[in-house]
Amino acid sequence: MTSFRKTALVGGILYLITFIGSIPAAILVGPAINDPSYVTGAGADQQVTLGALLELVNVFGLIGCGIAFFSVVRREHEGLAIGYLATRLFEGAIITVGVVSLLAIVTLRQHGAVDGNAETLVPVSGALVAIRSWAMVLGPNMAAFNALMLATALYRARLVPRALPALGLVGAPILISHVVLSILGFTPGTVFTVIAVMPFFIWELVLGLWLTFKGFNESAPIAVAERARLAPAGAVAKAGAA
């Protein structure tokens, strides 16, 4: 297995891990997010904390993607590699802020139940929910910016079929416009939300599957150059063993 194949395998699995972490987490944390009186009730603390842990799995997966692909993207363009890694780190940091908010809500509910003053904690809980909501607007959607870096590098280097990074390059600006409208106070309709999210969702899912099971195109110029760079070292090692 070549170094490029190993990188593709690791990166592809990490991409899939982000789906395994983020999708169930969004469901599990629902009680704390959707119920304004969560801190005054019996609560579903174990469910919510499990969702928070899965979101951390998502964070570790996406940061791992940035690290795994850095060396490959750098061979095509160092600026794209730095930008990809930086936006992945930013994405993970913002999502982590949302995780901390969830854990704080659970703590407030537990302390309120013990002290008997849960009602007074409802406004604080609402503020934490708002922080979590904005963290999920800014954090995961930062993937649109890192997709511009990664998809551009993959398209130029021909490491995967060009239709795949092209989908990311088309979907990223649409998703960014959706986020900007949300920040400016506009409420994008359901149809526009689906149009903004689905191409990007498909791009990341198919990329993860492709890299896991197919890997990078070994006939791409940078892959050929990497094999040529390593070939003399291998020849020397064989000669020394003989």
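A short reminder: the numbers here are calculations on the coordinates, not readings from a lab. On a predicted model such as this, the values are computed, not experimentally measured, just so you know. Note that each Cβ is placed from the backbone with ideal geometry, even for glycine, and that neighbours are counted across all protein chains shown.
List of remarks:
- Sequence of VAL29, VAL48, VAL122 once ranked by neighbouring C-beta atoms within 10 Å, starting from the fewest: VAL122, VAL48, VAL29
- Between helix 190-213 and the chain: long-axis angle, C-alpha atoms, 0 to 90°, nearest 10: 40 degrees
- Calculated mean residue ellipticity, 222 nm, the chain: -28500 deg cm²/dmol, from DSSP H runs (n ≥ 4) at -39500 (n - 2.57) each, averaged per residue and rounded to 500.
- In terms of surrounding Cβ atoms within a 10 Å radius of their Cβ, HIS111, HIS77 rank from fewest to most as HIS111, HIS77.
- Given charges at Cβ of Lys, Arg, Asp, Glu: the chain dipole, positive-most of SER3, ILE176, VAL100: SER3
- Counting only trypsin sites (Lys or Arg not before Pro) that DSSP places in a loop and that have at most 16 other Cβ atoms within 10 Å, the longest clean stretch of the chain runs over 1-161.
- Listing SER71, SER22 from fewest to most neighbouring C-beta atoms within 10 Å gives SER71, SER22.
- Modelled this way, with points 7 Å down the Cα-to-C-beta line, the labels at SER182 and GLN46 are 3.2 nm from one another.
- Each label point was placed 7 Å from the Cα along the Cα-to-Cβ direction; for ILE27 and ILE67 their separation is 3.0 nm.
- Computing Rg/Rh (Cα atoms, Kirkwood Rh) for the structure here picks out one of (i) 1.10; (ii) 0.94; (iii) 0.98, namely (i).
- Label separation (GLU78 vs ARG229): 1.3 nm, computed from points 7 Å beyond Cα along the C-beta direction.
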